[in-house]
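**Student:** This structure is in structure tokens; I'll ask about it shortly.
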Amino acid sequence: MRQDQEDPYQRRSARVYAGAGRVGRGPAAPPAGVLYDAVLLDRDGTLIEDVPYNGDPEKVRPLPGVRAALDRLRAAGLRLAVVTNQSGLARGYFDEEQMRAVHARVEELLGGFDAWLVCPHDDADGCDCRKPSPGLVHAAARELGTSASRCVLVGDIGRDVGAALAAGAAGVLVPTPVTRPEEIAAAGWVATDLPSAVDEILRRQRAVRPTRTAHGVGTALVVRSDSAGDVLVTGPAIRAVAAGARRVVLLCGPRGRAAAEMLPGVDEIIEHPLPWIDPAPTPVDPDDMRRLTARIAAVGADEAVVFTSFHQSALPLALLLRMAGITRIAAISDDYPGALVDIRHRVPVGVPEPERALSLAAAAGHRLPAGDEPVLRLRDDAVASRPAAVGDPGYVVLHPGSAASSRACPTELAARIAGALSAAGHRVLVTGGPDERTVTARVAAAGGTDLGGTTDLAGLAALVADAAAVVVGNTGPAHLAAAAGVPVVSLFAPTVPFGQWGPYRVPTVRLGDASAPCRDTRAASCPVPGHPCLSGVDPAEVVEAVRTLTASGGGVR
């Protein structure tokens with residue numbers, strides 16, 4: 001929690017019902033190779049049949065397979081809590097004693113939970129605990145002695161997923177007949193039922209734990225050739241490799257160089273564009289490829305770990321690595337790699353990019369050391385000083401642009417957002433690259449300070465680190481915010497899956513039409529006239545999202 005913000009639990013909050021004599025405590029250091037240490041569960045429609053305003057324990061009926069699924073989580077050492085909205089208390093449909101009787105019956109049928117977290121309010125009460133506000137998630141994490149970023153919440157409606165994201169937790173949607181189609185489209189992680197959700201939770205947990213150990217790694221070559229955001233989300237995996245190697249050399253492209261210089265664990269950088277990765281490639285030059293191969297050979301790497309995005313191939317570079325004499329190569333490849341790859345790893349669709357990369361590092365025998373959580377992070381000495389002229393921390397950064405225009409916020413909408421935020425009392429800093437100065441000037445004229453073209457990536461990281469929130473699309477500054485633990489209002493164009501590319505492990509509110517026609521097209525330029533995935537966002541929604549994120553304690557680190 002940011003120290004300059006109010007603890008929401010000094011205001012109206014959830015009621016906590018601890019189980020097994022547990023008392024709240026501060027987060028402990030995470031063990032090595034752990035994504036989650038707690039699972040939070042919605043009650044009605046997720047654990048038991050949804051009986052509206054139920055105060056009768058005789059009406060409690062568990063959903064199929066739930067008891068066995070919960071027992072699997074318990075056996076894996078995960079702590080369990082129920083987080084549930086119960087507006088029937090506020091409306092007088094049942095009292096607290098009746099609710100406790102219902103919960104006792106649930107535990108009789110499904111086993112004990114470490115805590116029950118209940119919002120007793122109605123929507124009109126304006127509390128901070130009623131989902132989709134994140135209060136219940138923060139309270140549950142505190143009660144279980146962990147942090148929200150190490151929790152995964154399973155629920156059956158959009159409110160559940162929204163509460164998880166706003167707290168910085170992972171959210172899994174298990175749809176029922178009452179789940180709206182737009183809620184399913186917006187969820188980054190969807191499972192058919194609770195047992196299926198548990199299967200994937202445990203699979204993801206296992207995937208980042210090495211089944212082999214990389215011995216005697218002197219120099220490791222790691223590869224991530226793409227934009228700044230792509231390099232940033234690979235950071236946890238690179239730190240895992242660095243924990244087991246004496247020296248790490250990172251091969252990246254020109255667009256990712258500035259981000260590469262900010263990553264912990266990187267000892268040396270080789271910058272070279274790869275024509276099978278770059279979005280606007282030049283023709284393949286055989287002499288250029290020979291020079292790259294010779295440069296790689298000069299590294300003398302004991303192994304190479306080739307990180308790619310889910311739609312990219314590692315095989316062209318694997319061939320060059322073989323020609324450079326590297327004898328141990330690990331990569332994700334759905335295509336048959338022949339003799340090009342020693343450790344061929346596969347990852348299901350939908351896994352967040354940082355976890356996808358971490359699972360490859362684990363397959364190669366590397367894991368994050370104990371105490372290093374799988375979050376995005378920058379080197380302290382890589383972040384520039386924040387310009388004094390921007391004033392005290394606590395402003396809102398609005399970054400309307402993107403290298404891919406399909407993911408940028410329409411200028412007219414960004415201007416209205418700046419005006420709405422300014423009218424709500426926020427100081428707004430409008431940021432952008434040198435080629436975006438016309439846009440940032442127009443946006444800032446509606447209410448904000450124009451910083452377009454005034455900072456490099458390190459300078460932008462400094463601005464982001466002291467923000468109360470960042471309003472941004474699916475582009476590099478969203479990942480800078482995640483690395484700083486700063487909340488994100490994500491104006492997310494659905495050209496790529498939100499579950500893979502959304503801000504990672506940081507409080508987030510997603511806005512925009514997740515079912516727009518551009519969904520999953522990977523289009524760099526908007527393929528639909530009018531940019532409908534974002535043009536329908538109401539600036540008032542952005543103001544409310546900033547309020548939710550800052551009222552809930554803000555950043556997580």
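The values are calculated or read from the model by the stated rules, or taken from the named source; none is laboratory data. Since the structure is predicted, the reported quantities are computational estimates derived from the model, not experimental observations. Cβ: placed from backbone, ideal geometry, glycine included. Neighbour counts: every protein chain shown. Heavy atoms of the whole protein, side chains included, go into the accessibility calculation; ligands, DNA and RNA do not. Shrake-Rupley method; radii C 1.70, N 1.55, O 1.52, S 1.80 Å.
**Student:** Between T438 and R346, 0.36 nm times their residue separation minus their Cα-Cα distance comes to what? Please list the in-between numbers first.
**Tutor:** Values: separation 92, 0.36 × 92 = 33.12 nm, distance 4.35 nm.
Working it through step by step, the gained length comes to 28.8 nm.
**Student:** Of I157, I270, which has the most accessible area and how do the rest follow, probe 1.4 Å?
**Tutor:** Order by accessible area, largest first: I157, I270.
**Student:** With contacts defined as alpha carbon pairs under 8 Å and 6 or more residues apart, what's the relative contact order of the chain in percent?
**Tutor:** It comes to 14 percent, rounded to a whole number.
**Student:** What FRET efficiency, computed as 1/(1 + (r/R0)^6) with R0 = 51 Å and r the Cβ-Cβ distance, is obtained for E49 and R257, rounded to the nearest 0.05? Intermediate values should be presented prior to the final figure.
**Tutor:** Numbers: r = 55 Å, r/R0 = 1.08.
About 0.40, to the nearest 0.05.
**Student:** From zero outward in steps of 10 Å, how is the percent of C-alpha pairs of the stretch 107-201 spread across the bins?
**Tutor:** Result, from short to long distances: 17, 44, 35, 4 percent.
**Student:** Per DSSP H run of n ≥ 4, the term is -39500 (n - 2.57); total these for the chain, divide by its residue number, and report the mean residue ellipticity at 222 nm rounded to 500 deg cm²/dmol.
**Tutor:** Numbers: 20 runs with 183 residues, N = 557.
One gets -9500 deg cm²/dmol as the mean residue ellipticity at 222 nm.
**Student:** Label 7 Å along Cα→Cβ of A382; the stretch 208-226 residues with amide nitrogen under 13 Å?
**Tutor:** In the stretch 208-226, the label zone of A382 (backbone N under 13 Å from the point 7 Å along Cα→Cβ) covers 224.
**Student:** Going from most exposed to least, what order do D538, D114 have by accessible area with a 1.4 Å probe?
**Tutor:** D538, D114
**Student:** Here's a follow-up. Over the Cα atoms of the stretch 350-451, Rg to Rh with Kirkwood Rh, two decimal places?
**Tutor:** With Rh from the inverse mean 1/r over Cα pairs, Rg/Rh is 1.12.
**Student:** Then there's this: So how far apart, in nm, are the two label points at T213 and V528 if each is 7 Å from Cα heading toward Cβ?
**Tutor:** 5.2 nm
**Student:** For the chain, the longest stretch holding no GluC sites (Glu not before Pro) located in a DSSP loop with at most 14 other Cβ atoms within 10 Å is which?
**Tutor:** Between exposed loop sites, the widest span is 50-557.
**Student:** Next question, about the same structure. Run through all the Cα pairs of the chain and give the fraction in each 10 Å bin from 0, expressed as whole percent.
**Tutor:** P(r) for the chain, in whole percents per bin: 4, 18, 28, 26, 17, 7, 1, 0.
**Student:** Also, I was wondering about something else. Go through the cysteines of the chain and tell me which have no other cysteine Cβ under 4.7 Å away.
**Tutor:** So far as the 4.7 Å Cβ criterion goes, C127, C151, C252, C409, C518, C526, C533 stand without a partner in the chain.
**Student:** Right, next: In whole Å, what are the extents of the stretch 277-342 along the principal axes defined by its C-alpha atoms, from largest to smallest?
**Tutor:** 30, 29, 17
**Student:** May I pose another question? Under a 1.4 angstrom probe, counting protein chains only, how are S422, S490 ranked by accessible area, largest first?
**Tutor:** S422, S490
**Student:** If you don't mind, there's one more thing I want to ask. State, to one decimal in nm, how far the label point of T176 lies from the label point of Q98, with both points 7 Å from Cα in the Cβ direction.
**Tutor:** Going by the 7 Å Cα→Cβ label model, 1.9 nm.
**Student:** Once amide H atoms are built 1.01 Å from N in the peptide plane, which residues 5 or more positions from A469, or in another chain, come under 5 Å H to H?
**Tutor:** V397
**Student:** With every protein chain in place, what's the accessible area of W189 (1.4 Å probe, Å², nearest 10)?
**Tutor:** Here the residue's solvent-accessible area equals roughly 20 Å².
**Student:** Continuing with this model, one more query. Once the Cβ-Cβ distance between D392 and R290 is put in as r, and R0 is 41 Å, what FRET efficiency do you end up with, to the nearest 0.05?
**Tutor:** On the way: r = 54 Å, r/R0 = 1.31.
For R0 = 41 Å, the calculated efficiency reads 0.15.
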